[in-house]
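Remarks on the structure that follows.
The values are calculated or read from the model by the stated rules, or taken from the named source; none is laboratory data. Because the structure is a prediction, the values reported are computed rather than measured. We place every Cβ from the backbone using ideal geometry, glycine too, and count neighbours over all the protein chains shown.
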Amino acid sequence: MLCSHAALALALAILNWQVIDCDGLIVSFVKYPGYMGSLSVTGGSVLFSPRGSDAFLTHRGPDVFLSQRSDASQIMSYEIIGGDASCGTANVTGIANACGVHIHVGTNCSDASTIGGHFWNKTLYSTDPWQSVMYKTVKGKAYATDVRIATGLTNQEVADRVVIIHDAAGARISCIPVSIGSPGGLVSSYVVSYPGYTGKLSVMGSLRFSPQGSDASQILSYKITGGDSSCGTANVTGIANACGVHVHVGTNCSDASTIGGHFWNKTLYSADPWQSVMYATVNGKASATDVTIATGLTNQEVADRVVIIHDATGARISCSQMYFFKKPPAQTSTASSSSRLYR
């Protein structure tokens, strides 16, 4: 099967993400349910390469993709921003799951009781392959590329599972649902609460801008959960930014004062193209594929900006940063080639 934008668009339209040939998997970070500690994974991504379609992980840029291949492994790559700063320097010998980046059996990040242990084919491998998969933090970031984990699983089997990030004590600090990804274009692989937002809504999901949309427009696809349930049914006529999904001028989600307003080329277009971009929630979920926004900007110009999600009143409830699918700086992997996927 050939990789195609149409195939990706179709996959994105399916609420239960599935793997298609030639595509990797991508995950998006949220805080582990019930975690009350001070650590927070604020950015990055995990990628599993499509080359590992039988069971291995790969890392590209700020996202994690799960690959498929005939050798029962995954090829993983990742960038983690804001994990445990002591990972890589602390002595974690004998501490189970310390500084780990692991796929778990759970299929969502909303309920800690369902996340379970590590995910791998226990019939093929008695030893947990994930115990050796660890990140090292340097100046607030951790990278790894092409970490091969022999899981005995295909990408199809790993799709819809979750990736858990651990601190140096082995505690679970972040949870990442695995979903479809495709090399090229822009991705927001994590969604965090808008800085200063104290409301009850909590958005999870991922957003992508297709590589085909780099000629003065963006082509947006997204899947989100936890947005405003009234979006799609409430009368929001005349309410600025109601239920919006918009790129803003800011370049990080840590300071509300720097996020600013909508981002587009005002020299080319006087009217704001983002005002008509809105999500509709159905059964707690909202998704869209191939929404074209004529911004007068290239994907290169949009990279590193933030996407803001609004509630039905127009209030800003979540923030996510856009990245290119790109390979991060090479680092020595801490994972052995015999690593597996379950626990």
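Scanning the range 77-95 for residues that are in contact (Cβ under 8 Å) with a residue 60 or more places away in the chain and among the hydroxyl-bearing types (Ser, Thr, Tyr), we see that the one that is farthest from Ile173 (Cα to Cα) is Ser77.
Pairs linking a residue in the range 238-249 that is in a loop (DSSP other than H, G, I, E, B) to a residue that is among the basic types (Lys, Arg), with Cβ atoms under 9 Å and 6 or more positions apart or on different chains, are Asn241/Arg316; Val249/Arg305. Select from the range 172-209 the residues that are at pLDDT 70 or above, in contact with an Asp or Glu (Cβ under 7 Å, 6 or more places away or on another chain) and surrounded by 24 or more Cβ atoms within 10 Å (Cβ to Cβ) and list them in ascending order. Of everything in the range 172-209, just one residue is at pLDDT 70 or above, in contact with an Asp or Glu (Cβ under 7 Å, 6 or more places away or on another chain) and surrounded by 24 or more Cβ atoms within 10 Å (Cβ to Cβ), namely Val178. Being touching a Gly at 6+ places or on another chain (Cβ under 9 Å), within 19 Å of Met278 (Cβ to Cβ), assigned to a loop (DSSP other than H, G, I, E, B) and at pLDDT 90 or above is a description that does not apply to Ala234.
Residue-level check: of (1) modelled with pLDDT under 85; (2) acidic (Asp, Glu); (3) buried (at least 18 other Cβ atoms within 10 Å of the Cβ), Asp228 misses just (1). Given the criteria buried (at least 18 other Cβ atoms within 10 Å of the Cβ), of a type in the set (Val, Ile, Thr), in contact with a strand residue (DSSP E or B) (Cβ under 8 Å, 6 or more places away or on another chain) and not assigned by TED's automatic domain parsing to the domain that holds Ser254, does Val92 qualify? It is true that Val92 is buried (at least 18 other Cβ atoms within 10 Å of the Cβ), of a type in the set (Val, Ile, Thr), in contact with a strand residue (DSSP E or B) (Cβ under 8 Å, 6 or more places away or on another chain) and not assigned by TED's automatic domain parsing to the domain that holds Ser254. Condition check for Tyr143 on (1) in contact with a Lys or Arg (Cβ under 9 Å, 6 or more places away or on another chain); (2) part of a loop (DSSP other than H, G, I, E, B): one failure, at (2).
For the range 57-69, the count of residues that are surrounded by 19 or more Cβ atoms within 10 Å (Cβ to Cβ) and modelled with pLDDT of 80 or more is zero. Can you find a residue that is of a type in the set (Lys, Arg) and closer than 14 Å to Tyr279 by Cα anywhere in the range 207-219? No, because not a single residue in the range 207-219 is of a type in the set (Lys, Arg) and closer than 14 Å to Tyr279 by Cα.
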